[in-house]
Amino acid sequence: MTVRPLALLLLAGGLFLGLGALPDSSARAAAPVFTETPCPADWPTGVSEVRCGTLTVDEARDGSTDRRIGVAVVILKASQPYKDVSGHFLPPVVMFHGGPGGALTPGAGRLLAGLSRRPDLAAMDQDVILFDQRGGGRSDPSMDCPGVELTDAGPPTDKDRDGLIACLKSYQAQGVDLRWYNAAAIADDVRDLTQALGLEKIDLRGGSYGPRIEAAVITHQPQIVRAVVMDSPWPPEGDWAVGTPEQVSTAVRLILSKCAAQAACAARHPDIQARFEAEARKWLAGPVTGKDGRTFTVDDLSAFLMDTTYSGQGVRSLPADLDRIIAGDLTPVAEVAENRTYYSEGQHMAHLCKEELPFESRARLTAGAEGDPVAQVLVPSLARLFDVCAAVDVGAADPVENQPVTTTIPTLFVAAEIDPGCPPHLTEAAAKGYANSQVVIVTNATHGVIDASPCTRRMARDFLRNPSAPVDRSCLPAADTPLDFIEDAAAT
């Protein structure tokens, strides 16, 4: 779901804009076109051969209009192209960012800087194609909503909810057809990208909501895919709002149980689960004022819990942070509240209103959290998502977009043991439809697993070299490995 913990290496920099659109296989206004443009002058040189450009495609996939939109693209050429056992070079790997509402091309400059120090981070065995999914990043249009805050726990205030509605309607007034900003349309963009670049096959790799888009490519354009890697995946059949409060509560309970299992941590934070549940009830009753006089709402605590349980450092400091909150030091909550604008919010909501929330309900959201005060903390902000979607027309949802995927395409799933948004049980269930899949659950890991360690990076690389071979799991931590807690996050 979230974008921030995934591919942090790819989240900074500047790029170009473009104009393009998406065609359907049966009715197409014009062929897709890839137009090369100069890469930013401040990017590192001499690291990897780089091509920058814009893929121009049809906005409407049914041929109903001739409006064209642009998809920003960066291609990194392989530094040491790898040949498989049959003597063929590997196809390019297309990267899929999370969110929805994330981006990849703005961080290409930072990625190049990283490759100058660590050539094995990317684009060694095969070309890497970065693109900003339609409606976000450096693509055109890019549906950002300045001044509006939005987290994976939803809009933190009624003002943000209303701002999202106004923002989406403003894009509609500018001529943007929100019916075509979703996973199925992006799958057609990917097909068009392969056509424009003259590619026969590609590999797919994505994280968080990226695998949701990968699943759409597999469903709608399977003929172009050789192999797939999914990191902390969100499957099409997952419920975005419904069940998320319970997932966050489960993540909190798992982390605190790992603390309770260690004598030193348990002594520093006795009965922390029960004490925090009591604290959560206070926040549910109304705003809470800390020792420094700052006041926060249950929505602020909601965003803190979601962001913290996504983060590797946040997980390790959670017992200490919860004790600070219980004692009236609300600094951990305030720190999360300082930055809640990390999405292209219009793109984010276009996806949710088309392919997620039509299959859910506010009633199920509320009922699922009943009786669990930690889960109930998440309900108010998530419920606002339904208000946004009720106010903005993005077209009818196709039931196929909520169905599990069935495929024989070789796929590697790598999931984190601790993940409130994309928990491992969703990965295990989704993988049942992937006949040639391998599933790896990493102990003590958090959202965004593959790039977090050399072990998992090597695993993904080896899989793409030979998707039919079992991946080497010997470098993974044992299931009983203690979680390394920290007491002072600022010192770490």
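Take ARG457 and tell me if it is among the basic types (Lys, Arg), in contact with a strand residue (DSSP E or B) (Cβ under 8 Å, 6 or more places away or on another chain) and part of a helix (DSSP H, G or I).
So ARG457 fails the test.
Of the numbered conditions (1) in contact with a strand residue (DSSP E or B) (Cβ under 7 Å, 6 or more places away or on another chain); (2) under 18 Å from GLN247 (Cβ atoms); (3) without any contact (Cβ under 8 Å) to a residue 60 or more places away in the chain; (4) not charged (D, E, K, R), VAL333 fails exactly one; give the number of that condition.
Against the list (1) in contact with a strand residue (DSSP E or B) (Cβ under 7 Å, 6 or more places away or on another chain); (2) under 18 Å from GLN247 (Cβ atoms); (3) without any contact (Cβ under 8 Å) to a residue 60 or more places away in the chain; (4) not charged (D, E, K, R), VAL333 comes up short only on (2).
With respect to the numbered conditions (1) buried (at least 24 other Cβ atoms within 10 Å of the Cβ); (2) in a helix (DSSP H, G or I), which one is the sole condition not fulfilled by TYR343?
In the conditions (1) buried (at least 24 other Cβ atoms within 10 Å of the Cβ); (2) in a helix (DSSP H, G or I), TYR343 misses (2) alone.
Run down ALA383, ALA367 and say which single residue is aliphatic (A, V, I, L, M), touching a residue at least 12 places away in the same chain (Cβ under 8 Å) and surrounded by fewer than 21 Cβ atoms within 10 Å (Cβ to Cβ).
ALA383
For (1) surrounded by 23 or more Cβ atoms within 10 Å (Cβ to Cβ); (2) not aliphatic (A, V, I, L, M), each residue gets a yes or a no:
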residue	(1), (2)
ALA122	yes, no
GLN126	yes, yes
LEU130	yes, no
ARG134	yes, yes
GLY137	yes, yes
PRO141	no, yes
CYS145	yes, yes
GLY154	yes, yes
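Hey, among the residues in segment 346-364 that are part of a helix (DSSP H, G or I) and among the small types (Gly, Ala, Ser), which one's surrounded by the fewest Cβ atoms within 10 Å (Cβ to Cβ)?
So, considering only residues that are part of a helix (DSSP H, G or I) and among the small types (Gly, Ala, Ser), the one surrounded by the fewest Cβ atoms within 10 Å (Cβ to Cβ) is ALA363.
From the list ALA108, ALA113, pick out the single residue that is of a type in the set (Gly, Ala, Ser), within 23 Å of THR194 (Cβ to Cβ) and outside any loop (DSSP other than H, G, I, E, B).
ALA108
Residue by residue through segment 37-69, note down the ones that are in a strand (DSSP E or B) and polar (S, T, N, Q).
Listed by number, the residues that qualify are THR37, THR54, THR56.
From the set of residues in segment 286-319 that are outside any strand (DSSP E or B) and among the aliphatic types (A, V, I, L, M), which is farthest from the chain's Cα centre (by Cα)?
VAL298
Matching residues to (1) within 30 Å of ASP300 (Cα to Cα); (2) at pLDDT below 95; (3) surrounded by fewer than 19 Cβ atoms within 10 Å (Cβ to Cβ); (4) touching a Leu at 6+ places or on another chain (Cβ under 9 Å):
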| position | (1), (2), (3), (4) |
| --- | --- |
| ALA375 | yes, no, no, no |
| GLU401 | no, yes, no, no |
| ALA429 | no, no, yes, no |
| VAL440 | no, no, no, yes |
| ALA469 | no, no, yes, no |
| SER474 | no, no, yes, no |
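When you scan segment 77-105, how many residues do you find that are over 22 Å from the mean Cα position of the chain (by Cα) and either part of a helix (DSSP H, G or I) or aliphatic (A, V, I, L, M) (or both)?
3
Using beta carbons and a limit of 6 Å, which pairs, at least six apart or on different chains, have the first residue in segment 125-153 and aliphatic (A, V, I, L, M) and the second one in a loop (DSSP other than H, G, I, E, B) and crowded, with 24+ Cβ neighbours inside 10 Å?
VAL128/ALA122; LEU130/LEU104; MET143/SER344; LEU150/TYR343; ALA153/LEU378
Are there any pairs with C-beta distances below 7 angstrom linking a residue in segment 307-329 that is over 17 Å from VAL374 (Cβ atoms) to a residue that is part of a helix (DSSP H, G or I), with the two at least 6 apart or on different chains, and if so which?
GLY312/ALA452; GLN313/ALA489; SER317/ALA489
The values are calculated or read from the model by the stated rules, or taken from the named source; none is laboratory data. On a predicted model such as this, the values are computed, not experimentally measured, just so you know. Counting neighbours? That spans all protein chains shown, and the Cβs are built from the backbone with ideal geometry, glycine included.
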